[in-house]
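Contents: one structure, followed by commentary.
The values are calculated or read from the model by the stated rules, or taken from the named source; none is laboratory data. Since the structure is predicted, the reported quantities are computational estimates derived from the model, not experimental observations. Cβ coordinates were reconstructed from backbone atoms using ideal geometry, including for glycine residues, and neighbour counts include every protein chain displayed. Surface accessibility is based on the protein's heavy atoms, side chains included, excluding ligands, DNA and RNA. Shrake-Rupley method; radii C 1.70, N 1.55, O 1.52, S 1.80 Å.
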Amino acid sequence: MNATKVNTQTGKIILAPMEGVVDATMRHLISRLGGVDLCVTEFIRITGYVLPEKEFLKSAPELATQGRTAAGIPVVIQLLGSEPELLAMNAERAAQMGAPAIDLNFGCPSKTVNKHRGGAVLLDEPDIIHDIVRAVRQAVPANIPVTAKMRLGNLDKSLAIDNALAIQEAGANSLAVHARTKVEGYKPPAHWEWIGRIKERVDLPVVANGEVWNCEDYQRCRELSGCDDVMIGRGLIARPELGLMIKSFQLGQSSEGEAWSKIILLLLEYFDFVEQKLPPKYVHGRIKQWLHMMRPQRGEAEKLFFEVKTINDLNDLRSILEREL
Ligand SMILES: Cc1cc2nc3c(=O)[nH]c(=O)nc-3n(C[C@H](O)[C@H](O)[C@H](O)COP(=O)(O)O)c2cc1C
C-alpha cells in the first residue's frame, strides 16, 4: 500500500489499556507527565451479572472524579465479555457513574478469556461483535461515545474488514485497531498497512495501535495507517515521557526525553503508591515489572534491572533506586 500523507501536527495520543500494568496509579503518573490525551482502563470482565459500583471503582477509581485522572485526562471504561445484553447493562451502569466513554475489548488473547468466548475469539464471529456493539450503543446515552478495540483477527486476517464494518454498522463512535492477529501475539512487526486498509473501508475515526516505541515509529505508523490518533501501550511504559516527545516532534522540535534521575523519581513515587495499595510481598514485583518494561528503551534500566532482580527486601530495593538519583 502507498504511504498516505498525514498531517502529523494533529492527532491524539492514547495510553493503551494494559491489564496488570496500566492501573489507576500508572494512569495518574503518566498522564501527569503530559503528552497523553486519553486513557483506557484495564479490561473489566463481565460474566453473569451487573457489577456493583464498588467493583467499577476498583478498576476505575477515576469514576469518583468525573472520569478523569488528577491531571484532567479522561479515562475510558473498557468492558470485556460476550453477552450483548449483559454488557449493555454494565455499560449503562458505568455511564451512570460518569464514564466519559465505554470501550469494548475484541482483542484479548488470554486463554481463560477466549475459552469463555471473550476477547479475540469473537473476531471469528462478526455478527456477535455487531450485536454487542449495537446493544451497548443503545443502552448508553447518545452523548457518551461507545468505542471498540480489535485485533486484525483471531487466527488470520480474513475477517478484519468484516469486523470493522460490523463495528461501524452497529453504531460505534470510533475503532482502535491493534495491527496483529491473536496468533501473532505481540511479535513484531505490527501490520500498520492493514489499519490503512480498514480505514479506507469504514467511515468512523480509526485509532492505530501496535509497536510504537519512538517518534520515528509514530510517524511511520501514521503514514502507513493514515490515522491521526495513535494508541501506545508498551512504548509509554518503557518511556513514560514518549507522549511529550511525540508532541515536541509534532511541533518540529526534537526531544531527548527525560533524564534518568527524573524517571527514578517517578519510579520511587510509584513505589509509594504501590506500597499503599498492595500487601508488601507483591510490591517488589510491580517495581521490577516497570523497570523490566523500560529495558528495551533505556540502557540504565537494563543495568539496574539486573542489579535488583533478586532483591525482595523493600528497604534494600528503595535504597538501590535512591542511589541512582
Ligand atoms: C501486559 C498487557 C496487558 C494488556 N491488557 C489489555 C487490556 O486490558 N485491554 C486491551 O484492550 N488490550 C490490552 N493489551 C493490549 C494493548 O492495549 C495493546 O493493544 C498492545 O500492547 C499493542 O500495543 P503496543 O505495541 O503499543 O504495546 C495488553 C497488552 C499487554 C502487553
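What to note about this one:
- Pairs where the first residue, in the range 184-197, is assigned by TED's automatic domain parsing to the domain that holds M150 and outside any loop (DSSP other than H, G, I, E, B) and the second is acidic (D, E) and within 12 Å of the ligand (Cβ to nearest atom), C-beta under 9 Å, 6+ apart: W192/E211
- Single residue of the range 226-258 satisfying the filter (over 27 Å from E193 (Cβ atoms) and modelled with pLDDT of 95 or more) that is surrounded by the most Cβ atoms within 10 Å (Cβ to Cβ): P240
- Count - residues of the range 32-83 that are acidic (D, E) and not in a loop (DSSP other than H, G, I, E, B): 3
- Residue match in the range 110-121 (condition: closer than 22 Å to C39 by Cα and open to solvent by 10 Å² or more (accessible area, probe 1.4 Å)): yes
- Any pair with Cβ under 7 angstrom, 6 or more apart, that starts in the range 82-100 at a residue that is free of Cβ contacts under 8 Å to residues at least 60 places away in the same chain and in the same structural domain as A148 (by TED's automatic domain parsing) and ends at one that is of a type in the set (S, T, N, Q) and surrounded by fewer than 18 Cβ atoms within 10 Å (Cβ to Cβ): A88/Q138; G98/Q66
- Candidate set from the range 94-109 (those that are within 16 Å of the ligand (Cβ to nearest atom) and assigned to a loop (DSSP other than H, G, I, E, B)); member that is most open to solvent (accessible area, probe 1.4 Å): P109
- Selection of the range 261-296 for residues being under 15 Å from V21 (Cβ atoms) and polar (S, T, N, Q) yields only Q289.
- Residue in the range 198-207 that is within 16 Å of the ligand (Cβ to nearest atom), part of a loop (DSSP other than H, G, I, E, B) and surrounded by fewer than 21 Cβ atoms within 10 Å (Cβ to Cβ) present: no
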